[in-house]
Every structure is written in structure tokens, then in C-alpha cells.
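Here's the structure we're looking at; comments come further down.
The values are calculated or read from the model by the stated rules, or taken from the named source; none is laboratory data. In this text the structure is predicted, and so the values were computed from the model without any measurement. Backbone-built Cβ (ideal geometry, glycine too); neighbour counts: all protein chains shown.
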Amino acid sequence: MCASTRLFRHCHGLTMTLAAKCVRSLLCFTVICTAQSVRADSVSSQEAQVSSEGFVIANGRFLPAPYYLVTRQDGQLEINGNTYNVTLATQVSTKDQPTEPRVHGSRRRPRHWARHRPRPKATVQEASPSQTIEELAGHLRMGGFVIVNEEEKNVEAWPRTKIYELVDVLLGDDEIGEQHVPASLRPHVDSLRQDPDLQARALSFQSSVEQTEDQNYQSAARVHLLDRAAYPLSTLGMLMVVVATGHLLSIRPPQSHELSQTSVQSGQATLKFLAMILAFSVLDLVWTVLASHDGSMRELNPIGSRLIEQPVLLVAFKMLTTGVSAGILFSLRTSKRVQLAAWWICLVLTLLTARWLVFNSLLV
């Protein structure tokens with residue numbers, strides 16, 4: 001009984017030891033496989049490039065976006081799951097600098113070196129396929145054309161300067177010559193014009209280009225308008241600042257013990273301040289509209305910033321608020337308190353106009 005018990009315990013111990021070794025080996029194998037798969041995924045992700053812009057035409061057929069460009073291990077190109085037998089390596093010309101001969105015992109070059117200087121040798125360095133994939137993806141992100149031709153086993157990135165002419169040709173413009181169409185695409189122009197996906201994408205590209213050009217033209221027109229108006233506005237602003245400063249210095253603001261009084265002189269002074277307030281308000285409005293649409297400033301007023309994109313609403317809001325304020329001051333113009341308020345408002349607007357003059361002088 002004791003011998004059988006010992007034998008059972010011995011067999012049980014061996015079984016547990018073997019089971020532990022098997023579990024340990026299985027865990028090591030799982031870790032190794034996981035590391036290899038993560039490494040393979042990282043390598044493939046480095047070689048893969050994604051672009052939702054541009055045009056890809058492979059063997060005369062347009063491929064819809066988005067584009068997934070992958071470099072296979074055999075060096076072939078894969079786009080959206082389709083493999084193409086093309087050459088991806090690019091050639092970059094470099095120059096080897098020759099070694100200058102030296103004269104023993106001297107640092108100066110020999111005299112015959114200038115006459116018999118060897119010419120640099122041009123060498124060819126091939127880039128890796130992943131670099132080519134990055135170049136193609138970058139070209140697509142800029143809205144370019146990538147043309148794959150398996151017959152000639154090459155991939156061509158059509159120059160960006162000729163993209164617009166090529167899009168016009170594909171949209172049916174026959175007035176543009178064949179020099180704006182790649183040689184590999186000329187036999188397929190008619191079939192590409194019948195492709196609805198290509199036509200829709202080309203029209204979207206053309207409309208976006210035209211919209212960008214219109215925005216650039218409008219921006220240039222606004223800049224030109226501000227340049228033309230800068231000198232007369234600055235001259236008018238300087239004159240108004242000088243006149244307003246003279247009135248502010250010549251008309252003494254009421255003292256605290258005079259605020260409860262009324263007089264005809266206070267009414268006349270208030271009318272002068274009101275005239276300058278209205279003139280400064282109109283000048284500030286014109287300058288704000290021109291500078292904001294030019295893009296040289298940003299409106300910090302929370303109400304004005306919401307209305308700055310709609311000049312009509314901004315002008316209406318400015319006229320309403322300024323008119324109501326001026327009407328209140330005009331109706332109470334004989335009061336010393338109103339005279340003091342108009343004096344301070346005129347001072348603030350004078351400083352604001354001086355700030356506009358400094359701002360405009362920095363832009364000119």
C-alpha cells in the first residue's frame with residue numbers, strides 16, 4: 001500500500017512537471033508569434049500610404065478614391081487591392097567630388113590642377129520602393145494624377161503644372177492640344193470621358209479650383225481697395241485728430257460742482273463734440289470693414305465679429321446704435337453732465353483714430 005502510494009505520488013509529480021513545461025513552452029511560442037505579427041504589421045503599415053485626393057488611372061481605367069497604395073515584398077505596386085507589375089524605383093542623379101592631388105610638403109594646389117581638373121562623375125542612386133510610394137501619395141494629396149502603365153512597367157506622376165489642362169481634356173475640351181495629355185493616356189481619352197466616376201471627380205476638382213481662384217481674386221481686390229483708400233483715409237484721420245484735439249483742449253470739461261447746471265454754452269459745446277463723434281464713428285466703420293475683409297485685422301468686439309462678414313448688417317447696427325446715442329445726447333445737450341459725457345466720448349474716439357493711424361502706418 002505504501003509502495004503504491006509512493007508510485008502514485010511520483011507519477012503525479014512527473015505529470016505536473018511536464019504540464020508546467022508544456023504551458024511555459026506554449027506561452028513562449030504565443031509571445032514570439034505575437035511579436036512577429038506586430039512587427040509584420042508595423043512594416044506593412046510603414047509601406048502603406050492612403051490618400052483620398054487626386055486621380056489614379058491604371059492601364060487606361062480610372063480607379064475611384066480613396067486610394068490605398070502598398071509596396072509588396074516583391075517590389076510591385078498594389079492599389080486598392082489590385083497588383084500591378086511596374087517598376088517603382090526612381091533614379092536620383094548625384095555627383096562624386098574628385099579628390100584633389102596634393103604636393104608633398106605644401107598645402108597649395110599644383111598649377112596644373114586648374115587646367116586638368118577631372119570632371120565629376122555622375123552616378124545613379126535608386127530609391128527604395130517605400131520612398132516612391134510616399135512620393136506618389138504626396139502627389140495624390142495635392143490633387144495630382146498618378147498613371148500606371150503595365151505595358152511599359154512604369155508609374156508616372158503627371159506634373160502639377162499640367163493637371164488643369166488634363167482635367168479640361170478629360171471633361172471634353174478638344175481645343176487643348178495632345179501635348180497636355182500623357183502619351184499612355186491618349187488612346188484611352190474617349191473611354192475616360194465616358195466614365196461617370198471620373199467625370200464627377202473632375203467636375204468637383206474643377207469647381208474647387210475655380211472657387212479658390214475666385215477667393216484669391218476677391219482677396220486681391222480687397223487688398224487693392226485698402227491700398228487705394230489708405231492714403232485719403234489716413235489724411236482725413238490726421239486732420240480730424242488735430243481738430244478734435246484742439247476742441248478738447250479749448251473747451252474745458254465741467255467740474256463736479258457744475259454738473260447740475262444747464263447753459264447755452266454747454267449746448268453749443270455738446271453739438272461740436274457730437275459732430276466729431278459722428279465723423280469719427282463713420283471713419284472707424286469704414287476702416288473696420290476694409291481692414292477686416294482684407295484679412296489684416298480681426299474684430300474683437302463680440303457683436304461686431306458676428307456681423308463683420310455681412311457689411312450691410314454691420315453698417316445698420318452701427319448707424320442704429322450711434323444714432324440712438326447721438327439723439328439722447330442731442331436732446332439733453334444743455335446739461336453739463338451731457339457735455340462732460342460728450343467730452344469723454346470724443347476723447348476716446350480721438351485716441352481710437354490715432355490708433356488706426358498707427359495701425360495703418362505699420363501696414364503701408
How about region 305-334: which of its residues are among the polar types (S, T, N, Q) and exposed (fewer than 15 other Cβ atoms within 10 Å of the Cβ)?
305, 310, 321, 331
Search region 266-296 for residues being of a type outside the set (Ser, Thr, Tyr) and at pLDDT below 85, and hand back the single one that is nearest to residue 241 (Cα to Cα).
287
Can residue 281 be described as farther than 17 Å from residue 360 by Cβ and either surrounded by 19 or more Cβ atoms within 10 Å (Cβ to Cβ) or touching a Leu at 6+ places or on another chain (Cβ under 8 Å) (or both)?
yes
Going by what's in this entry, would residue 249 be described as under 25 Å from residue 155 (Cα atoms) and in a helix (DSSP H, G or I)?
no
